[in-house]
Amino acid sequence: MNNIHVTCYGKSIKGRAALPLQEYLKAPNISYTINAIAKSYKADAVAVSEYLQERKWIREPWVYQDDVVTCRITVEGIEEINPVFVKNKLKGLLGGLIQHGGRKSLMGIFEKNIEEYSVALDIVYQLEKLGLIAIIHTDGEIHIELTPFGWQFFEKKGKSLFALMALA
């Protein structure tokens with residue numbers, strides 16, 4: 001179980017449901033409610049979502065009738081509760097890139113494993129925002145390529161991705 005500790009408006013919240021990692025891994029493109037965990041700690045789900053969004057641990061929070069809150073976890077949120085998961089995904093992604101001279105199709109890196117592809121896309125978009133890779137669309141495929149900054153960063157075994165995202 002992945003646990004986090006959130007203090008929000010004086011309320012302490014612990015539990016994996018505040019950041020829906022397991023649900024994300026099953027279906028990365030779906031939003032999930034966070035009301036159950038907030039309610040179990042007598043905290044306001046809207047306040048919890050605001051707290052999580054300020055830290056960039058969730059994205060696309062939606063507040064529906066009766067304050068039902070849905071959101072999607074971000075790569076930062078995943079790394080906050082399970083840094084090993086992100087590290088392993090980065091190793092696979094970057095290892096595949098480096099083995100092929102710094103550029104390869106995303107499907108080629110994950111050998112057509114569609115479950116890995118969805119999660120990898122979120123990580124790829126984050127790496128692009130950080131300037132570590134470029135996304136190139138060629139012949140109906142997505143290719144990713146290390147940028148000069150990306151090469152420098154990974155050759156020096158730079159800071160964790162989380163630390164780099166905090167600087168961005």
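Of Gly101, Gly96, all but one fail to be outside any strand (DSSP E or B), outside the structural domain of Leu21 (by TED's automatic domain parsing), more than 19 Å from the chain's Cα centre (by Cα) and modelled with pLDDT of 85 or more; the exception is Gly101.
Surrounded by 17 or more Cβ atoms within 10 Å (Cβ to Cβ), of a type in the set (Asp, Glu) and either assigned by TED's automatic domain parsing to the domain that holds Leu21 or at pLDDT below 85 (or both): does that describe Glu116? Considered against the rule, which asks whether it is surrounded by 17 or more Cβ atoms within 10 Å (Cβ to Cβ), of a type in the set (Asp, Glu) and either assigned by TED's automatic domain parsing to the domain that holds Leu21 or at pLDDT below 85 (or both), Glu116 comes out as yes. Going by what's in this entry, would Gly108 be described as part of a helix (DSSP H, G or I), modelled with pLDDT under 85 and within 20 Å of the chain's Cα centre (by Cα)? No; evaluated as a whole, the condition is false for this residue.
Kindly evaluate Phe85 against the criterion of being over 19 Å from Tyr24 (Cα atoms), modelled with pLDDT of 75 or more and surrounded by fewer than 19 Cβ atoms within 10 Å (Cβ to Cβ). No: the conditions fail for Phe85. Out of the residues in region 129-159 that are surrounded by 15 or more Cβ atoms within 10 Å (Cβ to Cβ) and assigned to a loop (DSSP other than H, G, I, E, B), which is modelled with the highest pLDDT? Across region 129-159, the extreme among qualifying residues is Thr147. The set of residues in region 49-86 that are basic (Lys, Arg) and either without any contact (Cβ under 8 Å) to a residue 24 or more places away in the chain or more than 21 Å from Lys129 (Cβ to Cβ) (or both) contains only Arg59.
Take Gln126 and decide whether it is modelled with pLDDT under 85, crowded, with 17+ Cβ neighbours inside 10 Å and of a type in the set (S, T, N, Q).
Numbers: modelled with pLDDT under 85: yes; crowded, with 17+ Cβ neighbours inside 10 Å: yes; of a type in the set (S, T, N, Q): yes.
Yes.
Check whether at least one residue in region 41-50 is under 22 Å from Ile123 (Cα atoms), surrounded by 15 or more Cβ atoms within 10 Å (Cβ to Cβ) and touching a Cys at 6+ places or on another chain (Cβ under 8 Å), and report yes or no. Yes, region 41-50 contains at least one residue that is under 22 Å from Ile123 (Cα atoms), surrounded by 15 or more Cβ atoms within 10 Å (Cβ to Cβ) and touching a Cys at 6+ places or on another chain (Cβ under 8 Å).
The values are calculated or read from the model by the stated rules, or taken from the named source; none is laboratory data. All values derive from a computational prediction rather than experimental measurement. Neighbour counts are summed over all protein chains in view; Cβ atoms, including those assigned to glycine, are modelled from backbone coordinates with ideal geometry.
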